[in-house]
Amino acid sequence: MVQNWVKILILTSLDIMFEGSSSDNLTKVIMEVLTISEGLPRDQIAQKFICFGVDGVNVFWSIKNGVRKQTHNTYALNSIGVHCMAHCTNLAIQTLSRLPLVVWIESLLQCLYFYFAHSFN
C-alpha cells in the first residue's frame with residue numbers, strides 16, 4: 001500500500017482463514033484486512049494497492065482465477081505481482097546444489113566452517 005507517497009507493508013496471517021484456502025476466500029480475506037484493519041474505503045484500494053508479493057503457489061498465481069488475478073481485475077487494475085525473492089532464491093539454490101562443482105564448494109565451505117568453529121573452544 002502507499003500512504004502519503006510512502007510504501008506501507010501489510011502482512012496477514014493464516015489464523016484469520018475461516019472458510020478454507022481457496023482463491024476466492026483468500027481474496028476476500030485480503031480485501032477485508034485492507035478495508036477493516038487499515039480503514040480503507042474500497043474506492044481507495046485501487047489507488048493504494050500497488051504490489052502483491054507472494055511465492056509461486058498456484059492458488060495465488062493461477063492465470064485464470066488466482067488471488068493475484070482476482071485482486072488485479074476486481075480491485076486494483078494498476079497493481080503488479082511480484083514473486084517472493086526469498087522463495088525464488090531458494091529454488092535457484094536447490095537447482096544449483098545438484099551440480100558437482102557446487103556440491104564440492106559446499107562441502108569445502110562446510111569443512112572450513114567446522115574447522116574454525118571448533119578450533120576456538
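FYI, it's all coordinate maths here, none of it is from the lab. In this text the structure is predicted, and so the values were computed from the model without any measurement. For neighbour counting, all protein chains shown are included, and Cβ atoms are generated from backbone atoms with ideal geometry for every residue, glycine included.
Could you tally the net charge around F52, taking each other residue with its Cβ under 14 Å from the Cβ of F52, Lys/Arg +1 and Asp/Glu -1? My count for the surroundings of F52 gives +3. Sparse packing (at most 11 other Cβ atoms within 10 Å of the Cβ) combined with a DSSP loop state is found for the following trypsin sites (Lys or Arg not before Pro) in segment 42-108: K64, R98. Between L96 and V82, the modelled labels are 2.1 nm apart [label points 7 Å from Cα along Cα→Cβ]. Most tightly packed first, judged by the mean number of other beta-carbon atoms within 10 Å of their residues, the peptides 110-116, 86-92 read 86-92, 110-116. Specify the inter-centroid distance of segment 100-121 and segment 34-73, based on alpha-carbon positions, in whole Å. Cα centres, segment 100-121 to segment 34-73: 44 Å.
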